[in-house]
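Take a look at the structure set out below.
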Amino acid sequence: MIRYDILICGIGGQGVISLGTSLKLAAIEDGLTVVGAEKRGGAQREGVVVSNVRYLGLEEGECFDDRNMAVSGLIPNASVDMMIAMEPLEALRHAAYLHEDSIVIINNFPLIPVAVRIGEYEDLDRDEIFSRVREFSKNVHIYNINEIAIGNFKSLRQVNTISLGLAFSLGNMPISEKSLIKTLKDQFSEFEINKLAFELGVRIAGKY
Amino acid sequence: MKPLSLNEPEKIILAMGNEAIVRGGLEAGIGYFSTYPGTPASEIGQGFIDLGDEFSYIHTEFSINELVATHGAMGASWANVRSMTAMKQVGMNVAAEAFHFSGYTGVGAGFVIVIGSDPGATSSTTEQDDRWYSLHTHLPVLEPATIQEAKDFTVKAFGLSEKYNIPVILNTPSKLCHNIGSLRLEKIPEIVSVDGNFKRNPVRYINLFGGAVKNHKNLLESIKVLQRDVQSLGFNRVIPGTDKIGFISSSINYLYLMEALSMLGLRESPVLKIGISYPINEEEILSFIKDLEKVYIVEDLEGFLEFQIKHLLYNSNLRVPIVGKSIFPEYGELDVDLISSILRDEFKIPPSERLKRILQLTGKLTKDIPPRQGAFCTGCPHRATLYSIVKATGRKAIFGGDIGCYTLACLPPFKSFDWVTCMNCGAGIGQGMFHANVTEDILAYVGDSTFFHSGIPNLINAIEQDVSLVLVILDNKWVSMTGHQPSPTTKTTLNGEKLKPVDLKGLLKSIGVSYVRTIKPFNIKSSIVTIKDALRERNGVRVIISEQECALQNEKRIIERHDGLEVYYQIDPERCQKCDECYVELGCPSIRKMTYDNTFDYYIEETTCLRCGSCHDICPNSAIGRVEIKRMGPRLETS
């Protein structure tokens, strides 16, 4: 059985769902079956957004089985293979889905919740967040992807494609680079710049 | 060509649950679709609109409310055109009268009703489980578990509807509506045009003079026939196992259950997967249960299957213990983790070391995470309106809330919403309070689309009963919360098509509202004055229309029109007194805090700011400057 679960989390407007769509389209291109529900109550409105990406496929010689192929839209606790957190606090908020071997990518660009802004809650220190996430998993990779995007492309629009490159490079995903690139071509009008951003992500992860 | 419209059988595409339902409609050859947008079902209407050019034979409409949508779909069905309507679960309350009749009248061509249910109430004010309606409407209920089934069941539902002469309900919870995954396509029939053909049938369609009794009897008889046939229809199936403890489940809970059983090592439990949860077939259920020692029923909310199955067992004299809502909660949404943890307790199975470690860590390290409450989008006109209302009233009024983006007014920083239940509850409940002689002023909110949905009778009633209240109509020209469907006040679509908007002021005048004022919400100072004036008036119904297009739509329009003028707002750190008026009281997400060693500055995040100017208008220290840059290029066209 091929099984691989990715959880993408962030807040409304960060492109969490479209990042999930890229990962799902690539899997279909590679002949895998894909499912995954979204939580998007707060899209565009400072709320938490989550995309579940779940790959499944049969290896040579395996045949369909009702029990193995029953994969719901939600990833269970302690079982993601990879988490892509577009914001530090969101990585910690969804840490129950991690286990010690999960690969975690965190965009080190905090967005302060309204509840903190108006003084109802205290903010958590960034280093404190990272050290807590590291207690859950031993593979935590932290980048300021916003800064990388601005530095290289003078725009935040490439944050997601850079993340995709990082994720592809760091996680041993059952999808091919070729399919991911084809997906970018189908999904975005500015293909060339997105391809460069993807490749940049792959390169940065390699250096890590 | 969009993936959803490819006519390539066996092709696998990526689709959302709601899109799979759209595809099902296409494959079934529907000619009519109507909806009132409501999350989680709202993308179904959008799907048909997006495919409008390729499938021009399908009439698609965003109807004014769910009852109108249902009547329209019934009409098309009676004229022998396959028709479909979609709504969120509470929409069925609005259309309930039509649904109760539709079993009496029967259908012409197939008629399918899609209900987006919302266990967990992630986008609703209730968890209401519409399956229970079928105990009195008798409309059959299909419950797909997967994206593939969402499409396949939709197609089959039309055949079912025609065979048994009854509308069929497809009940899809939000986690299926918004599940995105693989979908295998089948053929779309070639249809050039839809030609209606209404065959008069007074015996079924005119339920007068005792006709209702006869048709009630007909309805019960056709349901009995369907009930007898259920087993052969292919919606339900058994996943065999050798254990003596079995499970029954439906909808997405089937998948959660199967995953949970695998995780708990209970891979030999027999499972009956229910795809049609009303009516259920006695023989099928009994043959699954009869050799088992105990049966667990896993479903959301109050336990519709459990209720029916227990009833059936009583009649059959079979005494097998049935466990459902005694261990699974009757509220909230089930998921793999919740089902696993309940079954672990029930069967005394310890959690894996991996899970135990993570749950301990979660308990210890995630309790103090600040929540992310919703907030109005950057540039949202509602934020400016709410700010003005708070300033004008000093929060000293009774605030009647309503359903729409403006429900966020119940959260900080505004907190000026005293209730929100259902469509048009604001002025509706407000008028009762007036007659109960409350001493405070009553101010009710309503959005443009919500007002047209069911607010007009409400307002006429208030006029007739001489109620005193202020009604603020937040007219942002779109049904924004559900994804920007057009509203009756939409003037121009994003691609420039001119619509025929309803004359809101003319309408108000004609129903007898003599006090109508319009504010432009981003002119905060003058808005505050207008609201104070309306409150000072004290008597009669006073309507304030806050008119400004939804910022997200307006922004898309401006981007598409290559405007030649750019406006920026900047905070001058020298003048800024850090009084928090913009950062906390207005609470715009684009105003951010930059922290240095021991101090901080506020700044405006340029990439997200939509340049509404509210902060500029309210800054008591004139520290927020407006900068205009004129670019060479086409002239700015505003909507």
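Listed by position, the strands (runs of 3 or more DSSP E) inside the range B:239-297 whose residues that are over 23 Å from B:Asp337 (Cα atoms) and not assigned by TED's automatic domain parsing to the domain that holds B:Ser222 number at least 3 are B:276-278. For the range B:177-198, the condition holds for no residue, the condition being that it is over 30 Å from A:Ser22 (Cα atoms) and assigned to a helix (DSSP H, G or I). Looking at this structure, is A:Ile17 within 11 Å of chain B (Cβ to nearest Cβ), at pLDDT below 95, touching a strand residue (DSSP E or B) at 6+ places or on another chain (Cβ under 9 Å) and assigned to a helix (DSSP H, G or I)? Considered against the rule, which asks whether it is within 11 Å of chain B (Cβ to nearest Cβ), at pLDDT below 95, touching a strand residue (DSSP E or B) at 6+ places or on another chain (Cβ under 9 Å) and assigned to a helix (DSSP H, G or I), A:Ile17 comes out as yes.
Quick grid of which residues meet (1) under 25 Å from A:Ala70 (Cβ atoms); (2) hydroxyl-bearing (Ser, Thr, Tyr); (3) more than 14 Å from every other protein chain (Cβ to nearest Cβ):
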| position | (1), (2), (3) |
| --- | --- |
| B:Phe153 | yes, no, yes |
| B:Asn171 | yes, no, yes |
| B:Asn179 | yes, no, no |
| B:Glu190 | no, no, yes |
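Taking the listed residues A:Phe168, A:Phe191, the one that is farther than 24 Å from A:Phe130 by Cβ and in contact with a Leu (Cβ under 8 Å, 6 or more places away or on another chain) is A:Phe191, with no other qualifying. Taken over the range B:417-428, the criterion of being buried (at least 20 other Cβ atoms within 10 Å of the Cβ) and either more than 22 Å from the chain's Cα centre (by Cα) or within 20 Å of B:Ala534 (Cα to Cα) (or both) is satisfied by B:Gly426, B:Ala427, B:Gly428. Being modelled with pLDDT of 95 or more, over 11 Å from the mean Cα position of the chain (by Cα) and either more than 7 Å from chain B (Cβ to nearest Cβ) or outside any loop (DSSP other than H, G, I, E, B) (or both): is that true of A:Asp101 here? So A:Asp101 fits the description; yes. Does B:Ile147 satisfy the criteria of being outside the structural domain of B:Gly275 (by TED's automatic domain parsing) and out of contact with any Pro (no Cβ under 8 Å at 6 or more places or on another chain)? Spelling it out, B:Ile147 is indeed outside the structural domain of B:Gly275 (by TED's automatic domain parsing) and out of contact with any Pro (no Cβ under 8 Å at 6 or more places or on another chain).
Based on what the data block shows, is B:Gly275 over 19 Å from A:Leu56 (Cβ atoms) and surrounded by fewer than 18 Cβ atoms within 10 Å (Cβ to Cβ)?
No, not satisfied.
Number of residues in the range B:473-522 that are within 20 Å of B:Thr385 (Cβ to Cβ) and in a strand (DSSP E or B) equals 10.
One residue stands out among those in the range B:458-507 that are crowded, with 20+ Cβ neighbours inside 10 Å, in contact with a Leu (Cβ under 8 Å, 6 or more places away or on another chain) and among the hydroxyl-bearing types (Ser, Thr, Tyr): the one that is modelled with the lowest pLDDT, which is B:Ser480.
Yes or no, residue by residue, for (1) part of a strand (DSSP E or B); (2) polar (S, T, N, Q); (3) within 30 Å of B:His311 (Cβ to Cβ); (4) not assigned by TED's automatic domain parsing to the domain that holds B:Ile30:
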position: B:Ala69; (1), (2), (3), (4): no, no, no, no
position: B:Ala73; (1), (2), (3), (4): no, no, no, no
position: B:Met87; (1), (2), (3), (4): yes, no, yes, no
position: B:Glu97; (1), (2), (3), (4): no, no, yes, no
position: B:Ser102; (1), (2), (3), (4): no, yes, yes, no
position: B:Ile115; (1), (2), (3), (4): yes, no, yes, no
position: B:Ser123; (1), (2), (3), (4): no, yes, no, no
position: B:Arg131; (1), (2), (3), (4): no, no, yes, no
position: B:Leu139; (1), (2), (3), (4): no, no, yes, no
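Can you tell me which residue within the range B:364-394, out of those that are assigned to a loop (DSSP other than H, G, I, E, B) and of a type in the set (Lys, Arg), is farthest from the chain's Cα centre (by Cα)?
The qualifying residue farthest from the chain's Cα centre (by Cα) is B:Lys367.
Checking each residue in the range A:133-149 for being facing another protein chain (nearest Cβ under 8 Å) and either buried (at least 19 other Cβ atoms within 10 Å of the Cβ) or under 17 Å from the mean Cα position of the chain (by Cα) (or both) picks out only A:Phe136.
The values are calculated or read from the model by the stated rules, or taken from the named source; none is laboratory data. Not measured: the values here are computed from a predicted model. Quick reminder, even Gly has a Cβ in these numbers, built from the backbone with ideal geometry, and neighbours come from all protein chains shown.
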